[in-house]
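Q: Here you go, one structure.
The values are calculated or read from the model by the stated rules, or taken from the named source; none is laboratory data. Quantities reported herein were computed from a predicted structural model and do not represent experimental measurements. Cβ placement follows ideal geometry from the backbone for every residue including glycine, while neighbour counts extend to all protein chains displayed. These area figures cover heavy atoms from the full protein model, side chains too; ligands, DNA and RNA do not enter into them. Shrake-Rupley method; radii C 1.70, N 1.55, O 1.52, S 1.80 Å.
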Amino acid sequence: MTSIAIIGAGPQLGLAIARTFGSQGFDVALISRNREKLDTLVGKLAAEGIDAAAFPADVLDRDALSKALQDAAAKFGGIDVLEYSPVAGLSTVMTTPAETGPAHVQHEIEFQLYGAITATRAVLPAMREAGAGTLLYTTGAGSIDPVPQVGNVNAAAAALRNWAVNLHKELDGTGVQAAHVGIDVSIGTPAVPGFPTAQPEEISPVYWDLHTTKRDQAELVFSL
């Protein structure tokens, strides 16, 4: 049996990724802060014949995040795929590069980069031992081509992208794949009038491709 842990699981992209992998026989561990929302997602997946379970944890709480992944591995017999895509939402104050102070970037670094590192350290040793596994990290495309309105968020996302691509290089030849997914669209509904928008179900196959047929790639960018 194979399993995927989705960190930052929500009703859009997280659920779509869960369905993409679940339809291929994967068990699904859903991790985010809100148990009630996770339980709703578990119910939806169960109705579709997908075995899923909720493991509430805040990515800013390193111990809780590590424990959630340990619990998920214990329940499903290991974690074969890790997908990291939490969204800070209203807790983030957006700043332009000139307006940005260290504290504006620090919060995002804690959320994006340090959370990803914590999650990876929880699952990578077992993947290395098995000689197999997939680590996928999601950011907006501003990690690649930044925009001034969200300068602090882009800076932290770029740090995560850099680390993920570098991890891909380090793991080359081990059987463990690490890759960055850059999403250059709004998901579900337009965030900015006129900006390209895609449905979660259009994006989620990218993750399956990286796990299966594109394991040599360090990065895929989804755009329209």
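Q: Measure off, as a whole percent, the carbon and sulfur share of the 1.4 Å-probe accessible area of the stretch 20-128, all protein chains present. Let's see the in-between values first.
A: Values: 2860 of 5300 Å².
Reported share for carbon and sulfur atoms: 54 percent.
Q: With the other protein chains left in place, how much accessible area per residue, in square angstrom, belongs to the chain at a 1.4 angstrom probe? List each step's numbers first, then the result.
A: Details: 10370 Å² over 224 residues.
Heavy-atom accessible area per residue stands at 46 Å².
Q: Using alpha carbons only, how many degrees (0 to 90, rounded to 10) separate the axis of helix 13-22 from the longest principal axis of the chain?
A: Helix 13-22 sits at roughly 20 degrees to that axis.
Q: Let me ask you something else. Could you pull out every one of the aspartates and glutamates with an alpha carbon less than 15 Å from that of K214, ignoring same-chain neighbours closer than 8 positions?
A: Straight-distance partners of K214: D172.
Q: As a test of the formula, what do you get for the chain when each DSSP H run with n ≥ 4 contributes -39,500 (n - 2.57) and the sum is divided by the residue count, at 222 nm and rounded to the nearest 500 deg cm²/dmol?
A: -13000 deg cm²/dmol
Q: Taking the mean number of other Cβ atoms within 10 Å as a proxy for protection, how do you rank 13-25, 47-59 from highest to lowest? Please list the in-between numbers first.
A: Values: 13-25: 20.9, 47-59: 17.7.
The most tightly packed comes first, giving 13-25, 47-59.
Q: Next up: In what order, largest first, do K214, K44 sit by accessible area if the probe radius is 1.4 Å?
A: Values: K214 70, K44 90 Å².
Most to least solvent-accessible, the answer reads K44, K214.
Q: Can you list which of the GluC sites (Glu not before Pro) found in the stretch 67-143 are DSSP loop residues with at most 16 other C-beta atoms within 10 Å? Don't jump to the answer; show the numbers that get you there.
A: Details: sites: E83, E99, E108, E110, E129; in loops: E99.
Those satisfying the criteria are E99.
Q: Hey, in the GNM for the chain with a 10 angstrom Cα cutoff, which one of S186, S143, S204 fluctuates hardest?
A: Evaluated over the chain, the most mobile residue of the options is S186.
Q: Could you tell me which of rounded, prolate or oblate describes the chain, using a ≥ b ≥ c as the square roots of the eigenvalues of the alpha-carbon gyration tensor, with rounded for a/c under 1.5 and, failing that, prolate when a/b is larger than b/c and oblate otherwise? Present the calculation step by step, with values, prior to reporting the outcome.
A: Numbers: a/c = 1.43, a/b = 1.32, b/c = 1.09.
The shape class here is rounded.
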